[in-house]
Each structure stands twice: as C-alpha cells, then as structure tokens.
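Have a look at the structure below before the remarks.
The values are calculated or read from the model by the stated rules, or taken from the named source; none is laboratory data. Please read all numbers here as calculations on a predicted model, not as lab measurements. A quick note on method: Cβ atoms are made from the backbone with ideal geometry, for glycine too, and the neighbour counts reach across all protein chains shown.
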Amino acid sequence: MFRRTLIVGFGNPFRRDDGVGAAVANALLVRLGREPLGPLDDGFDRLGQQVDVIQVHQLIPELSETVASYDLLILVDAHIGAIKEPVVEQSIDPFFRAPLVAHQTQPSSVLALSQQMHGTTPEGVLISLRGHDFGFGEGLSPQTAALVPEVVGRIVEMIRSSPG
C-alpha cells in the first residue's frame, strides 16, 4: 500500500507553457489508467483514491484543507528561463512566505497553513518544468511538451517508492 498522495498541476492552460502542470496531471491520469481532466475540470470531484490528481490555475490558501489529508503532496508547475535546468525538483518545507494573498500563495505557505489550521502537513515536493512560450493560447511548446513524459515517469517512481 502506498502513502496517500495528491498531485497538483497548477498554472494557466490558456497561457501556453504555463499550462504544463495540467498537461502533466492529465498524462499521469492516463498512465494510471484513468480519464484525463477536461479543460474546465479541476478533478476535486474525483478525490478519494490512494493517488489523487487535480489541476488548478493557481495555489490558494484554501488548498491547505485538501492537502491536510495526504501523506505526500507533489506540485507541478512551469518555470521561466531564469532557471537553466529543464526540470527542477525540490522539497517544500512548511513556512509562511509573503505575500499570503490568493493570487500569489507560495507552496510553502500552503503547507504551513495545513500544519497550523489542520495540525498535519504532507511531505511536499515541487517539480518545475522549463517553459518557453507564455503567450496567450492553448497547447505546449514542443520543448516543454518533450519534458512531460520524463516528469510523469519521475512522479510514478516517487509514488512507487513511497513507503506504505
């Protein structure tokens, strides 16, 4: 039995590569043998499995209530050219980072709110993929789309190696 895991793909799918979180979420769902989420479906109505997958436009403080019931939280997002690596994986520690407003809630703040308000916090991991095109439109650039299978593989490996 694996640890209860939540994967959250976040970003705006209507700003090309900013939607890579949703693309990874859907590719992961397909890999798990499930139906992908539609463009306006966040996946919250599907919660309740050992491994859950949702997509959101941005992280908000209210997400702390959802993540509180999981052992492992994997967040997936895009990063810009200031970071040279195509894929960056980092642990997330629960601490408040300013600003704590709906449009700019940081991953560490979501975990800190979970800890403070619900008395529990999952292990947190942020996986960030290099975005190349953040213009208006749908669909990923070829360079960013090429990273999706690697990241899905990493996530599957994390889930499989999680102690139960």
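Within segment 131-148, the set of residues being under 14 Å from GLY19 (Cβ atoms) and not in a helix (DSSP H, G or I) comprises GLY131, HIS132, ASP133, PHE134, GLY135, PHE136, GLY137, GLU138, GLY139, LEU140, SER141, LEU147.
So which of SER91, SER141 ends up being at pLDDT 90 or above, of a type outside the set (Asp, Glu), loosely packed, with under 12 Cβ neighbours inside 10 Å and touching a Gly at 6+ places or on another chain (Cβ under 8 Å)? Result of the check over SER91, SER141: SER91.
Could you list, in sequence order, all residues of segment 1-30 that are in contact with an Asp or Glu (Cβ under 7 Å, 6 or more places away or on another chain), among the basic types (Lys, Arg) and outside any helix (DSSP H, G or I)? Residues satisfying the conditions are ARG3, ARG4. From the list PRO36, PRO61, the lone residue that is at pLDDT 95 or above, within 18 Å of GLY11 (Cα to Cα) and not small (Gly, Ala, Ser) is PRO36. Which one of VAL110, VAL151, VAL156, VAL125 is part of a helix (DSSP H, G or I), within 24 Å of ALA27 (Cα to Cα), within 13 Å of the chain's Cα centre (by Cα) and aliphatic (A, V, I, L, M)? Going through VAL110, VAL151, VAL156, VAL125 in turn, the sole match is VAL151.
Of the residues in segment 57-72, none is of a type in the set (S, T, N, Q), buried (at least 17 other Cβ atoms within 10 Å of the Cβ), outside any helix (DSSP H, G or I) and touching a helix residue (DSSP H, G or I) at 6+ places or on another chain (Cβ under 8 Å).
Looking at GLY48, GLY33, GLY81, just one residue is farther than 26 Å from LEU140 by Cβ, out of contact with any strand residue (DSSP E or B) (no Cβ under 6 Å at 6 or more places or on another chain) and assigned to a loop (DSSP other than H, G, I, E, B), and that residue is GLY48.
Of the candidates HIS79, HIS118, the single residue that is farther than 18 Å from VAL8 by Cα and in contact (Cβ under 8 Å) with a residue 40 or more places away in the chain is HIS118.
A search for C-beta distances below 8 Å between a residue of segment 10-29 that is closer than 14 Å to ASP41 by Cα and at pLDDT below 95 and any residue that is of a type in the set (Ser, Thr, Tyr) and in a helix (DSSP H, G or I), counting only pairs 6+ apart in sequence or on different chains, returns nothing. Considering GLY139, GLY131, GLY124, the condition of being at positive phi and not hydroxyl-bearing (Ser, Thr, Tyr) is satisfied by GLY139 alone.
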